[in-house]
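What follows is a single structure, and I will ask about it in a moment.
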Amino acid sequence: EINKILKNKLPIEIVQWAISLNKKVIATTNFGPNEAVLLHIINKVNPKMDILWIDSGYNTKATYLFSQKLIENFKMNIHIYNPLISAKRRDALMNGIPDIQSELHKKFTYQVKLEPFQRAMKKLKPQVWLTAIRKEQTSFRQNLDIVTEDEKGLLKVAPVFYFTYAEMRNYLKKNNLPNEED
């Protein structure tokens, strides 16, 4: 029912709705392409919101410079979580990033994404999680909606879910926001 109500709302209104639930709200970012859109919206509504970044250690120099620029410009309340094993050590033990077909890829994914994310969620204890996923990004996301709930009751809210790639670009341009695609 809430997805029907939120479908025609602006992303800023969706963020406001999520905050109005009076629950612990966090947002995640990977500082990838178009991420400045949701971060800008959040900054306008609640600049003190906890923002979680799982830094795998495999980002490009451009991504690290971009992330630092946004963190400073928005004065983000950023929480950075890293894997327990450094990228250099993992590269030595796994011969670099394992091919997706490799049996090591599942272990790699757990080490660089899932374990740090689980650790962060356990510490931050959110009840609502804002994410920048969009419907048009993958076939799996075609079956999702703005608000979903996981088996533990965590509400996942995607304020820009129905934004197209062009709308994301227009938002960046209109608000004079930087973008990073490297």
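Would you list the P(r) distribution for the range 1-81, with all Cα-Cα distances sorted into 5 Å bins from 0 and each bin expressed as a whole %?
For the range 1-81, the pair-distance distribution reads 3, 13, 25, 23, 16, 11, 7, 3, 0.
To continue, here is another question. Per-residue ellipticity at 222 nm for the chain, helices alone: DSSP H runs ≥ 4 residues times -39500 (n - 2.57), over residue total, nearest 500 deg cm²/dmol?
Taken over the chain, the calculation gives -11500 deg cm²/dmol.
Quick check: with the 1.4 Å probe, what order do 102, 20, 56 take by accessible area, largest first?
Values: 102 45, 20 70, 56 25 Å².
So, going from the largest accessible area down, we get 20, 102, 56.
Only four residue types carry charge here, +1 at the Cβ of Lys and Arg and -1 at the Cβ of Asp and Glu. Report the dipole size of the chain about the Cα centre in Debye, rounded to the nearest 20.
Roughly 440 debye, rounded to the nearest 20.
Over the chain, what is the percentage of antiparallel beta bridges among all DSSP beta bridges, to the nearest 5?
In the chain, approximately 15 percent of DSSP beta bridges are antiparallel ones.
Another question, if that's okay. Apply 1/(1 + (r/R0)^6) to the Cβ-Cβ distance of residue 4 and residue 165, taking R0 = 35 Å, and write down the FRET efficiency to the nearest 0.05. Write down the numbers at each step before the final one.
Numbers: r = 24 Å, r/R0 = 0.70.
The formula returns an efficiency of 0.90 here.
Evaluate E = 1/(1 + (r/R0)^6) for residue 85 and residue 175, where r is the Cβ-Cβ distance and R0 equals 41 Å; express this FRET efficiency to the nearest 0.05.
Calculated value: 0.60.
Given the options 91, 145, 50, which has the most mean-square fluctuation in a GNM of the chain, springs set between C-alpha atoms less than 10 angstrom apart?
Checking each option, the largest mean-square fluctuation is seen for 91.
What angle do you read, to the nearest 10 degrees and between 0 and 90, between the alpha-carbon axis of helix 35-45 and the longest principal axis of the chain?
50 degrees
Say we join alpha carbon atoms closer than 10 Å with springs in a Gaussian network model of the chain; which of 134, 119, 89 then has the biggest fluctuation?
89
Can I ask one more? Taking the chain as the reference, fit the longest principal axis to its C-alpha atoms, fit the long axis of helix 11-20 to the helix C-alpha atoms, and give the angle between the two in degrees, 0 to 90, nearest 10.
So the inclination is approximately 90 degrees.
Along the Cα→Cβ direction, 7 angstrom out, place labels at residue 149 and residue 13. What is the inter-label distance in nm?
It works out to 2.3 nm between the two label points.
Among the listed pairs 106/135; 4/44; 9/135; 24/44; 24/107; 4/152, give every one whose C-alpha distance is greater than 20 Å.
Distance filter (> 20 Å) returns 106/135; 4/44; 24/107; 4/152.
Let me ask something additional. Would you please give the residues with an amide H less than 5 Å from that of residue 156, counting only those at least 5 places away or on a separate chain, with H modeled from the backbone geometry?
129, 148, 149, 150
Sorting check: for 155-168, 4-17, which peptide has the highest mean count of neighbouring beta carbons within 10 Å, and how do the rest follow?
Highest-to-lowest ranking by the protection proxy: 155-168, 4-17.
Return one number: the angle in degrees, 0 to 90 and rounded to the nearest 10, between the long axis of the Cα atoms of helix 115-124 and the longest principal axis of the Cα atoms of the chain.
In the chain, helix 115-124 runs at an angle near 40 degrees to the longest axis.
Something else about it: May I ask you to work out the translational diffusion coefficient for the chain at 25 °C, viscosity 0.890 mPa s, via Stokes-Einstein with Rh from the Kirkwood sum over Cα pairs, reported in whole µm²/s?
Diffusion coefficient, whole number: 141 µm²/s.
Net charge within 15 Å of residue 67 by Cβ-Cβ distance, Lys/Arg positive one each and Asp/Glu negative one each, not counting residue 67 itself? Please report the intermediate quantities before stating the final value.
Details: positive: 61, 69, 75; negative: 35, 55, 72, 180, 181, 182.
Within the 15 Å Cβ shell, the charges total -3.
Let me ask something else. List the aspartates and glutamates whose alpha-carbon lies under 20 Å from that of residue 123, not counting same-chain residues fewer than 8 positions away?
Result set, ordered by chain and number: 50, 55, 115, 149, 150, 151.
The values are calculated or read from the model by the stated rules, or taken from the named source; none is laboratory data. All values derive from a computational prediction rather than experimental measurement. FYI the Cβ positions are ideal-geometry reconstructions off the backbone, even for glycines, and counts take in every protein chain you see. Surface areas here come from the heavy atoms of the whole protein model, side chains and all, with no ligands, DNA or RNA. Shrake-Rupley method; radii C 1.70, N 1.55, O 1.52, S 1.80 Å.
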